Amino acid sequence: MFQANLVPMIPRIEKKSFGTTQAGEPVHQFTLTNATGASATLIDYGATLTRLLVPDKNKQMGDVVLGFDDLRSYEDQSPYFGATVGRVANRIAHGLFAVDERRYAVPVNNGPHHLHGGFKGYDKRIWAADTAMAEGPSVRFTLLDPDGTEGYPGNVRVTVIFSLTHDNALKIQYFATTDKPTPINLTNHAYFNLKDGGQSDVLGHILQAHADFYTPADADLIPIGKIATVSGTPFDFTQPKSIGKDLQATDGPPKGYDHNLVLRSHGGSLSPAVTAYEPATGRRLEVWTTEPGVQLYTGNFLNGSIKGRNNSVYQQYHAFCVEAQHYPDSINHPKFPETVLHPGTVYRQITEYRFFVGEK
Ligand code: GLA
């Protein structure tokens, strides 16, 4: 913990080693610090956000994401903490889909379903990285995802740029191209806890979502294909309410949110998605995105078996994720927004995590 400097600081980028993977590849850490002293730390393993220090109402900087201090934990036990997730985030039912009448099978790594890109998704690849001062200190990660990797068609080139702006927004820009038609759906899987970075639960955080509909799912969390009103359900966050208020009324096991909210914007333009406010620290997060949906996940699968930074024990509901993305299993639901990228077109999405102090 340190006091935010009242004298503007010079934005800076520090690069250092973050160890070596068990396969012997060197991993680097990049810390982006803006003019107010807020900072974001990322590693090129998984293009992963490992720390995010933003001020509270007393100008105390504190970490608002769950994470580890060592690479080994990211390799062996991370439930996607802060990672860039792809080629297709969330689930593909039974790992089966068709594109232009060609059928594909991708590995099933979550019960009978495919989750977050398979056994070695983008969260477990080493990305190339370079840095620049652009819209604040920035790191650009690039990845070549070769044709056939984890069963997906086409050589896909992905670029993800993280910038920490002068007004405390972490801006994430995604770009991708392909040489064969392929589904693609990228997200960041940051686990937020605006109070203390994950040492206590988030049930008292006040959430509001710009979402009047959601996609009901079956017991395996695969959407059943309906777009249903949130009205009268635990998924109604149209007015601010605490995360804990209706959490026990969700289906389980495990109880909690792990559902796709359909954003009022329907995607395309950068629009407000979700706001979270933490009363004790006064921190407020606004998530803005060009995506049509967000997967709201409340760390239902955390069970205290993972020890994170500062000896934190990450228990159930110690974090919430707002994974801006297309809807789960979109490739098998023609009525959901399209996720197929074609050669000659560029995939572009932007998600911003904007930090403020005070309830609006
Ligand atoms: C997403 C999924 C969840 C879970 C987490 C990671 O939010 O929808 O079911 O897999 O990622 O544990």
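Can you give the local net charge around Phe97? Use residues other than it whose beta-carbon is closer than 10 angstrom to its beta-carbon, Lys and Arg +1, Asp and Glu -1.
With Lys, Arg at +1 and Asp, Glu at -1, the net is +1.
Considering only His318, Gly293, Thr339, whose Cα is most displaced toward the positive end of the charge dipole of region 290-356, charges sitting on Cβ of Lys, Arg (+1) and Asp, Glu (-1)?
Positive-end residue among those listed: His318.
Can you send over the solvent-accessible area of Lys120, 1.4 Å probe, protein chains only, in Å² to the nearest 10?
100
Evaluate E = 1/(1 + (r/R0)^6) for Lys360 and Glu101, where r is the Cβ-Cβ distance and R0 equals 51 Å; express this FRET efficiency to the nearest 0.05.
Between Lys360 and Glu101 the formula returns 0.55.
May I ask you to give the average projected area over all directions of the convex hull of the Cα atoms of the chain, in nm² rounded to one decimal?
16.5
Using modelled backbone amide H atoms (1.01 Å from N, in-plane), which distant-in-sequence or interchain residues come within less than 5 Å of Val99's amide H?
Correct list: Tyr104.
Can you put Met9, Met133 in order of accessible area, largest first, using a 1.4 Å probe?
Ranking Met9, Met133 by accessible area, largest first, yields Met133, Met9.
If you roll a 1.4 Å probe over the chain with all protein chains in place, what percent of the accessible area is carbon or sulfur?
That fraction is 52 percent.
Which ³J(HN,Hα) values, rounded to whole Hz and listed in residue order, are derived for region 111-121 from phi using the Karplus coefficients 6.51, -1.76 and 1.60 in 6.51 cos²θ - 1.76 cosθ + 1.60 with θ = phi - 60°, glycine and proline given as x?
x, x, 10, 8, 10, 6, x, x, 5, 10, x
How large is the charge dipole for region 235-360, taken about the Cα centre, if only the Cβ atoms of Lys, Arg (+1) and Asp, Glu (-1) carry charge, to the nearest 20 debye?
340
Suppose we take every Cα in region 154-225 and form the convex hull; what volume per residue is that in Å³?
Cα convex hull per residue, to the nearest whole number: 197 Å³.
Work out the length of the dipole vector of region 187-254 about its Cα centre, built from +1 on the beta-carbon of each Lys and Arg and -1 on the beta-carbon of each Asp and Glu, and round it to the nearest 20 debye.
So the magnitude is around 180 debye.
Work out the length of the dipole vector of the chain about its Cα centre, built from +1 on the beta-carbon of each Lys and Arg and -1 on the beta-carbon of each Asp and Glu, and round it to the nearest 20 debye.
460
So what's the back-of-envelope 222 nm ellipticity for the chain, counting only DSSP H runs of four-plus at -39500 (n - 2.57) apiece and dividing by all residues, rounded to 500?
Using -39500 (n - 2.57) per qualifying helix, the result is -500 deg cm²/dmol.
Determine the gain in length on full extension of the stretch Arg157-Val313; use 0.36 nm per residue of separation and subtract their C-alpha separation, reporting nm with one decimal.
Residue separation times 0.36 nm, minus the Cα-Cα distance, leaves 52.5 nm.
So, in nm, how far is label Ala249 from label Asp167 when the simple model puts each one 7 Å beyond its Cα toward the Cβ?
Output for this residue pair reads 3.6 nm.
Once the whole set of protein chains is in place, how much accessible area is left on Phe18, using a 1.4 Å probe, in Å² to the nearest 10?
30
Hey, rough spin-label estimate for Ser200 and Ser271, points 7 angstrom out along Cα→Cβ, what's it come to in nanometres?
3.6
At 0.36 nm per residue, minus the direct Cα-Cα distance, what do Gln60 and Asn109 gain on full extension? Give it in nm, one decimal, please.
Full extension of this stretch gives 13.6 nm more.
One quarter of the convex hull surface, Cα atoms only: what value does that give for region 277-331 in nm²?
Over all viewing directions, region 277-331 projects a mean Cα-hull area of 5.4 nm².
Heavy atoms only, probe 1.4 angstrom, no DNA, RNA or ligands counted: give me Asp201, Asp258, Asp251 ranked by accessible area, highest first.
Asp251, Asp201, Asp258
On alpha carbon coordinates alone, what is the Rg over Rh value for region 104-170, Rh being the Kirkwood radius?
Taking Rg over the Kirkwood Rh, I get 1.12.
Viscosity 0.890 mPa s, temperature 25 °C: Stokes-Einstein D of region 77-136 from its Kirkwood Cα radius, in µm² per second?
185
Non-local amide H neighbours of Asn155 (under 5 Å, H modeled in plane, Pro and chain starts lacking H): which ones?
Asp147, Asp179, Lys180
Using the Cα gyration tensor of region 151-289, with a ≥ b ≥ c the square roots of its eigenvalues, what is the shape: rounded (a/c below 1.5), prolate (a/b larger than b/c) or oblate (neither)?
oblate
Which ³J(HN,Hα) values, rounded to whole Hz and listed in residue order, are derived for region 300-317 from phi using the Karplus coefficients 6.51, -1.76 and 1.60 in 6.51 cos²θ - 1.76 cosθ + 1.60 with θ = phi - 60°, glycine and proline given as x?
Taking θ as phi minus 60°, the curve returns 4, 8, 5, 9, x, 7, 9, 9, x, 3, 6, 6, 5, 9, 7, 8, 3, 6 Hz for region 300-317.
Give the ranking of Trp288, Trp127 by solvent-accessible surface, highest area first, calculated with a 1.4 Å probe.
Trp288, Trp127
Please list, in order along region 49-62, the HN-Hα scalar couplings obtained from phi with the Karplus expression 6.51 cos²θ - 1.76 cosθ + 1.60 (θ = phi - 60°), rounded to whole Hz, x for Gly and Pro.
So the J values, rounded to whole Hz, are 7, 9, 8, 8, 9, 9, x, 9, 5, 9, 6, 7, 7, x.
Just the projected area, averaged over all directions, of the convex hull on the alpha carbon atoms of region 228-355: how many nm²?
10.1
Taking amide H positions as placed 1.01 Å from N in the peptide plane, with prolines and chain starts having none, which residues 5 or more places from Gly62, or on another chain, fall under 5 Å of its amide H?
The answer is Val54, Asp56.
The values are calculated or read from the model by the stated rules, or taken from the named source; none is laboratory data. Here the structure is a predicted model, which means the values were calculated and not measured. Heads up, the Cβs are rebuilt from the backbone with ideal geometry, glycines too, and the neighbour counts pull from every protein chain shown. The protein model used for the area step is the full one, side chains on, heavy atoms only, and it has no ligands, DNA or RNA in it. Shrake-Rupley method; radii C 1.70, N 1.55, O 1.52, S 1.80 Å.
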